[in-house]
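Working notes for the structure below.
The values are calculated or read from the model by the stated rules, or taken from the named source; none is laboratory data. Predicted model only: the values in this text are computed from it and were never measured. Ideal geometry is used to build each Cβ from the backbone, glycine not excepted, and the neighbour counts take in all protein chains shown. With ligands, DNA and RNA removed, areas are computed over all heavy atoms of the protein, side chains included. Shrake-Rupley method; radii C 1.70, N 1.55, O 1.52, S 1.80 Å.
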Amino acid sequence: MKRRFVLTPEAKSDLREILLGIAEDSPAAAERLRSGIYEGLQRLGKSPGIGHYHDELLDRHYRFWNFSTYVVCYVWERKPIQIIAVVHGARHLASFFNSRLKRE
């Protein structure tokens with residue numbers, strides 16, 4: 001199956017941190033989440049318009065998509081779509097993206 005998304009190094013790091021944290025308590029739960037996220041990203045790549053904008057966070061080149069308790073940020077006008085961040089929805093998103101953009 002052709003992959004319809006690419007992960008930036010930052011997004012790969014986000015996922016790795018999330019999954020390693022979960023795997024400490026439950027490797028099986030981490031694997032289920034990993035599988036679910038990748039299946040969801042594949043679906044998102046097929047229909048990139050399903051996400052929503054957060055104009056208060058980033059311009060309209062970026063969309064956001066909620067998966068379980070996580071927020072995926074992606075560049076939707078590229079093929080394949082480019083995943084730039086995966087973050088827990090309970091995080092303060094404005095602080096997270098301000099910090100991320102300062103490092104880039």
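When each of Asp25, Asp55 is tested for being more than 12 Å from the chain's Cα centre (by Cα), at pLDDT 90 or above and over 19 Å from Lys2 (Cβ atoms), the lone residue that passes is Asp25. Among the residues in the range 15-31, are any surrounded by 17 or more Cβ atoms within 10 Å (Cβ to Cβ), touching an Asp or Glu at 6+ places or on another chain (Cβ under 7 Å) and on the phi < 0 side of the Ramachandran plot? No: the range 15-31 contains no residue that is surrounded by 17 or more Cβ atoms within 10 Å (Cβ to Cβ), touching an Asp or Glu at 6+ places or on another chain (Cβ under 7 Å) and on the phi < 0 side of the Ramachandran plot. You will find that of Lys12, Lys2, the residue that is surrounded by fewer than 17 Cβ atoms within 10 Å (Cβ to Cβ) and within 10 Å of the chain's Cα centre (by Cα) is Lys12 and no other. Taking each residue of the range 66-95 that is open to solvent by 10 Å² or more (accessible area, probe 1.4 Å) and looking for partners that are of a type in the set (S, T, N, Q) with beta-carbon atoms closer than 8 Å, six or more apart or interchain, yields Val75/Gln82; Gln82/Thr8; Ile84/Thr8; His88/Thr69; Gly89/Asn66; Gly89/Thr69; Ala90/Thr69.
Count of the range 36-57 residues, restricted to those that are part of a helix (DSSP H, G or I) and not aromatic (Phe, Trp, Tyr), is 13.
Tell me, please, whether a residue that is in contact with a Phe, Trp or Tyr (Cβ under 7 Å, 6 or more places away or on another chain) and closer than 16 Å to Phe67 by Cα can be found in the range 26-40.
yes
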